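Accompanying notes for the structure given below.
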Amino acid sequence: MVQANCVVPIESMTGLHEYRIEYYVTGLPEAAEGNAAILKQYQALSDSAEIRRSHYFEGRYENIYVPEQSLPALQPVLAAARQAACRFLRRQQPDLAVGFWFNEMGPGHRTLPHSHDEDDELVSGVYYVRVPNDSGELILRQGAAVTRITPQEGMMVLFAPQVVHEVSANLSGAMRLSIGMNFGVREADGGSE
């Protein structure tokens, strides 16, 4: 499951630009077992004081931050995500720091349009842990271009942080769980973004 598109302005005969959105789709082999462990660890922490929530819109927090050390099952996903981000950026070394958060969408929930270009992010992405049927599409927008991606469990999608994106409404009767990510360059002292 690897797919990529390029973002290039195409000058038409009228002098206007059309855009295609650059994104990279990949998947983790044998993701079911890892996703089950991630979901179990995440649910065990749901009422923990370790959890930090932000971006309260339409009755829910869109970003749920869990300390990395509390989710050992997440390590293979983060390692694969760093490698995929390096491929997307055409970097030789996996020297990227990653910040991540969970996005839990119950029935009827959606994620509002936004981008991640407020800091020094080089690439943004999402990994899908639990995706019931009809639980929403990832919608990417850049200029007049719009791309809709129907997620699957174990799928990872990477895109430039300035690409506006949203998630359509979860029309299923179950919770959908994904992990949002931003990647930046590690500081010389070993710090992250």
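The values are calculated or read from the model by the stated rules, or taken from the named source; none is laboratory data. For clarity, every value in this text was computed on a predicted model and none was experimentally measured. Please note: Cβ atoms are built from the backbone with ideal geometry, for glycine as well, and neighbour counts cover all protein chains shown. With ligands, DNA and RNA removed, areas are computed over all heavy atoms of the protein, side chains included. Shrake-Rupley method; radii C 1.70, N 1.55, O 1.52, S 1.80 Å.
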Quick one: dipole size for the chain, taken about the Cα centre, charges +1 on Lys/Arg Cβ and -1 on Asp/Glu Cβ, in debye to the nearest 20.
420 debye
Which angle between 0 and 90 degrees, to the nearest 10, do you get for helix 31-44 versus the longest principal axis of the chain when only C-alpha atoms count?
60 degrees
Dipole magnitude of region 15-109, debye to nearest 20 (Cβ charges: Lys/Arg +1, Asp/Glu -1, about Cα centre):
260 debye
To the nearest Å², the heavy-atom accessible area per residue of the chain with 1.4 Å probe amounts to 52 Å²
The chain: relative contact order in percent, alpha carbon pairs under 8 Å with at least 6 residues between:
26 percent
Grab the DSSP H runs of the chain that are 4 residues or longer, score each as -39,500 (n - 2.57), total them, divide by all residues and round the 222 nm result to the nearest 500 deg cm²/dmol.
-5000 deg cm²/dmol
Excluding ligands, DNA and RNA, the carbon-plus-sulfur percentage of the accessible area of the chain with a 1.4 Å probe reads 50 percent
In nanometres, what is the gap between the two model label sites at Leu78 and Asn63, each 7 Å from Cα along Cα-to-Cβ?
1.7 nm
How about region 69-104: which trypsin sites (Lys or Arg not before Pro) there are in a DSSP loop, with at most 11 other Cβ atoms within 10 Å of their Cβ?
Arg90
If you place +1 on the Cβ of every Lys and Arg, -1 on the Cβ of every Asp and Glu, and leave all else neutral, what size is the dipole of region 74-118 about its Cα centre, to the nearest 20 Debye?
240 debye
